[in-house]
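The values are calculated or read from the model by the stated rules, or taken from the named source; none is laboratory data. All of these numbers come straight from a predicted model, not from anything done at the bench. We place every Cβ from the backbone using ideal geometry, glycine too, and count neighbours over all the protein chains shown. Just so you know, the surface numbers come from the protein's heavy atoms only, side chains and all, with ligands and any DNA or RNA stripped out. Shrake-Rupley method; radii C 1.70, N 1.55, O 1.52, S 1.80 Å.
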Amino acid sequence: MIPEPLANGFCFGEGPRWFEGLLWFSDMLGEAVHTSTLGGAMTTLPLPGRSPSGLGFRPDGSLLIASTEDRRVLRYDGETVVEIADLTPLVQANLGDMVIDDTGRAYIGSQARTGGVIVRLDPDDSATVVASDLDFPNGMVITPDRTTLIVAESIGRRLTAFTIDDSGALGDRRVFAEGLDGPPDGIALDAEGGVWTSMTLAHQFERIVAGGAVTDRIDMGERVAIACALGGPERRILFLLSSTDAYPQRLVGTKLSRLDAVQVATPGAGLP
């Protein structure tokens, strides 16, 4: 599979999400959230003074945004951006990716290299730590039956699964895949249970199944694989965000990130 460039001109793309015919993604260092059409036309939601990362949509269509460095959660209703939660008392490191379930509960990672946590932000905007002792929790997905959450542990080079109970608590922690080729960042789930994973230092995206077997690879050459999402018609387009460096702070002031797209055989499934 050879990806085709779709859009560029932004600093550091993260957290891609397909919603209502658009690919939404954060520009963490560019202090903005962008959208792209399937034709590559972009729009921008400026977020001055913020460093957005994880994105997710609640059932009412509002967009939640993890503001990385100040560890706050923002909500965008299509007109205004407001702060709805301060997670500083619950986390020891910057916020990262998120996934939102059908009830509007958001699971948000805090990216400590060791001792990282996942916080659940409920629809009433109250917050609870639901997982701990993670090695830099990053991308997250929820399976189609809504019973399992899978999280990428970047420093641990593994994908970890949790059972989600009726209250939204996480339990029965287990390894989905370990000993990965590179630190996993953003992930996407398909209808056959495969997880597309960005392998940052390996410069590729890989499709991994339970147990760790790699069934497909997309080589990004010199570019660094950052995050991915399945969307488009029938959710058969894999959107790929890449950059020129794995360490965001080296890219401040640049516009070298890129959004690519490629058609895949197996459609996306589950959440996001």
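Here are a few things to note about the model shown:
- Distance histogram in 5 Å bins (all Cα pairs of the chain, percent per bin): 1, 6, 15, 20, 22, 19, 12, 5, 1
- Taking Lys and Arg as +1 and Asp and Glu as -1, the other residues whose beta-carbon sits under 11 Å from that of Val82 total -2.
- In this structure Arg236 has an accessible area near 70 Å², from a 1.4 Å probe over the protein heavy atoms.
- Whole-percent carbon and sulfur share, accessible surface of the chain, 1.4 Å: 48 percent
- Euclidean distance of C-alpha centroids, segment 133-178 and segment 185-236, integer Å: 16 Å
- With K and R counted +1 and D and E -1, the other residues having a Cβ less than 12 Å from that of Asp135 yield a net charge of 0.
- Rounded accessible area per residue of segment 4-263, 1.4 Å, Å²: 39 Å²
- For the set Tyr107, Tyr76, Tyr247, solvent exposure ranked by accessible area (probe 1.4 Å, protein chains only) runs largest to smallest as Tyr247, Tyr76, Tyr107.
- Rolled with a 1.4 Å probe across the full set of protein chains, the surface gives Glu31 an accessible area near 70 Å².
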